[in-house]
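Only one structure is covered here, and it is reproduced in the block below.
The values are calculated or read from the model by the stated rules, or taken from the named source; none is laboratory data. Only a predicted model underlies this, so the values are computations on that prediction, with no experimental measurement involved. Neighbour counts run over all protein chains shown; Cβ positions are idealised from the backbone, glycine included. Side chains are part of the model used for accessible areas, which takes the heavy atoms of the whole protein and leaves out ligands, DNA and RNA. Shrake-Rupley method; radii C 1.70, N 1.55, O 1.52, S 1.80 Å.
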Amino acid sequence: MTLLTIDNLSVTIHGTPVLEGISLTLAKGEILALTGESGSGKSMTALALMCLLPRGAQATGRITLDGTDLLTQTEAQLCTLRGRAMGMIFQEPMTALNPVKTIGDQVAETILIHEQTSRPEALTRAAEMLTRVGLPYDRFPLSRYPHELSGGQRQRVGLAMAVALRPKLLIADEPTTALDVTTQAQIIDLLEGLVDDFGMGLLMITHDLAVVSQMADRIAVMQKGRVVETGPTAPLLANPEHPYTRMLFTAARHHVTLPEAPPPQPLLQVTNAVRDYRTGTGIFGRKGHTRAVDHVSFTLHRGERLGLVGESGCGKSTLTRAILGLEELQSGSITFDGAPVFTGHRANLAVRRRMQVVFQDPYGSFNPRHRVDRLITEPFHLLEASPTGALREKAIADALTAVGLQPSDAAKFIHEFSGGQRQRIAIARALIIKPDLIVFDEPVSALDVSVRAQVLDLLADLCRQMPLTYLFISHDLTVVRGVTDRVMVMQAGKIVEDGPTATLFANPQHPYTRALIAAAPVLPDLAESLTDA
């Protein structure tokens, strides 16, 4: 039975078309995946369904939810429908939740707004719904705040809020993008279970085609505000007809080839690294500690490309901050080319200037008020003598050219670039002082598949042009497999497995490694590549 019908939906913002002629249907108990590159109109379609379009937007056409034309409803009527008849899970759970309200109050709020019930009854039902999404009251009391939860746990709270009243339609906007593979698998299972249990229709918005292939009944592919192809998942994946769909699937299956690594020559040595954090229950509560890095030891060789994988909270970020000289260890040591990263409880600047980092968010890691030439020369402050005049201009031009941009781009602002171009600028910033080591912290997880393929190709090209040494941190095992020579697997602060990339993926030894590989969603013809070298 058809639950949702979108008929010739078009949206303009101040006269500029952003959606054109969208027509889709969704049945009860069905999962429809809406996929495409960033800017294709996926999220705008979701906002149109919720009637939450930005100021200046004008929608035409029809959106019928279980017989109700949403575009003809008043705002008061829509407020009644939102939460009760349709719910939405947003991409970033931390920004979607209220940081000053407990998780119990936030889930109960939905119930209190739509139903005449007491607050204790609403909290009881909130506890039941949080338990349903995997946050049982005995382990996750209603008094917890969002910052006390992991990314996957916060996403579960957002899901509990969206389904608290068992809406007929659930819209999930990139609900798994920032999650590690095991948490992602849990969220996917949870969404599928809710669809089966409640009989709701699920519109899943994502650029991750592996996730789409795993859970969707049908796929709709969007490009530049239009639906260019739609159909059942298996046939469409096996035989895409539109050139844009074929391009997306080719990019999702894209692999890069790295040049041969040079003979081993130690560059970074981590020995029995230990990093603890203090914990407590309040001013008069007991004090304790959490061990984030637990006696970690490894060596990174010059010219080697090393991967670091593991779930959120396993200690990857803490270890990375220690390597970069941002946090001191309680015990153990980190040396870089024989010199300690910390001397006298302070970061060794002579070592620090030989390392750079590329962050996950290619927009949030830049100051939007500055032009590109200033942004990419920020690392110059680490140098004893910064280049000036013609030398500075040449360094800027060389760095931009190395990442496939034009020297003239130095005069632009960061908002003038696409997501992939911004990440190229981030890599240019890391390269400009010619560091001996670059740390890539989830550099492609926020990018759609075609842009991700371009950035990975860029890394391979840079490795051919210069002796690039990097530590690549990611939860995307397919990416890690393609751009590393060796992989370390981290669990609960420990390195539980370390070995050559091909060997580790072909024959994982540790149960946790096997669980990670098994949890990673893959496109049908990629399933073999994650287990075979």
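Quick notes on this structure:
- What segment 14-137 shows is 47 Å² of accessible area per residue, with the surface traced by a 1.4 Å probe over protein heavy atoms.
- Straight-line cross-link partners of Lys168 among the lysines, defined as a Cα under 26 Å from its Cα and at least 8 positions apart when in the same chain: Lys28, Lys42.
- Phi angles of segment 492-499 translate, via the Karplus equation with coefficients 6.51, -1.76, 1.60 and θ = phi - 60°, into HN-Hα couplings of 6, x, 10, 7, 8, 7, 8, x Hz per residue; Gly and Pro are given as x.
- The C-alpha radius of gyration of segment 128-172, expressed as a fraction of 2.2 N^0.38 Å, stands at 1.14.
- In a fully extended conformation the segment linking Asp189 and Arg139 would gain 15.9 nm over its present Cα-Cα distance, using 0.36 nm per residue.
- Net length gained if the chain between Gln465 and Ala518 were fully extended (0.36 nm per residue, minus Cα distance): 15.6 nm
- Cα-centred dipole magnitude for the chain, charges only on beta-carbon of K, R (+1) and D, E (-1), debye, nearest 20: 1300
- Among beta bridges identified by DSSP and lying wholly in the chain, the antiparallel ones come to about 60 percent.
- Convex hull projection area averaged over all views, segment 441-500, Cα basis, nm²: 4.6
- Per residue, the accessible area of segment 384-510 comes to 38 Å² when a 1.4 Å probe rolls over the protein heavy atoms.
- Each residue of segment 305-312 was assigned a 3J(HN,Hα) from its phi angle through the Karplus expression (A = 6.51, B = -1.76, C = 1.60, θ = phi - 60°), giving 10, 9, x, 10, 10, x, 6, 4 Hz with x at Gly and Pro.
- A straight line joining the Cα centroids of segment 147-202 and segment 438-481 runs 28 Å.
- Most tightly packed first, judged by the mean number of other beta-carbon atoms within 10 Å of their residues, the peptides 324-336, 69-81 read 324-336, 69-81.
- Cross-link pairs beyond the 28 Å C-alpha cut-off, checked among Lys224/Lys394; Lys316/Lys434; Lys224/Lys412; Lys412/Lys434: Lys224/Lys394
- Note, ³J(HN,Hα) from phi for segment 260-269, Karplus 6.51, -1.76, 1.60, rounded to Hz, x at Gly and Pro: 5, 6, x, x, x, 8, x, 10, 10, 10
- Residues with amide H under 5 Å from that of Ile89, placed H, sequence gap 5 or more: Ile171, Ala172, Asp173
- Taking amide H as placed 1.01 Å from N in the peptide plane, Arg144 has its amide H under 5 Å from the amide H of Ile103, Gly104, each at least 5 places away in sequence or on another chain.
- Solvent-accessible area, 1.4 Å probe, carbon plus sulfur percent, for segment 381-533: 54
- Cut-off under 5 Å, modelled amide H: who pairs with Arg302 long-range: Gln265, Leu267
- Cα-projected label distance for Ile13 with Ser331, points at 7 Å along beta-carbon direction, nm: 5.5
- Cα centroid of segment 1-69 to Cα centroid of segment 392-433, whole Å: 36
- Taking one quarter of the surface of the C-alpha convex hull of the chain gives a mean projected area of 27.1 nm².
- Globularity ratio of segment 23-91, using Cα Rg and 2.2 N^0.38 Å: 1.13
- With the convex hull of its Cα atoms as the shape, segment 85-239 has an orientation-averaged projected area of 9.9 nm².
- Ordering 480-491, 99-110 by mean Cβ neighbour count within 10 Å, with the highest value first, yields 480-491, 99-110.
- Sequence ranges 150-163, 380-393, 294-307, 26-39, ranked by mean other-Cβ count within 10 angstrom, highest first: 150-163, 26-39, 294-307, 380-393
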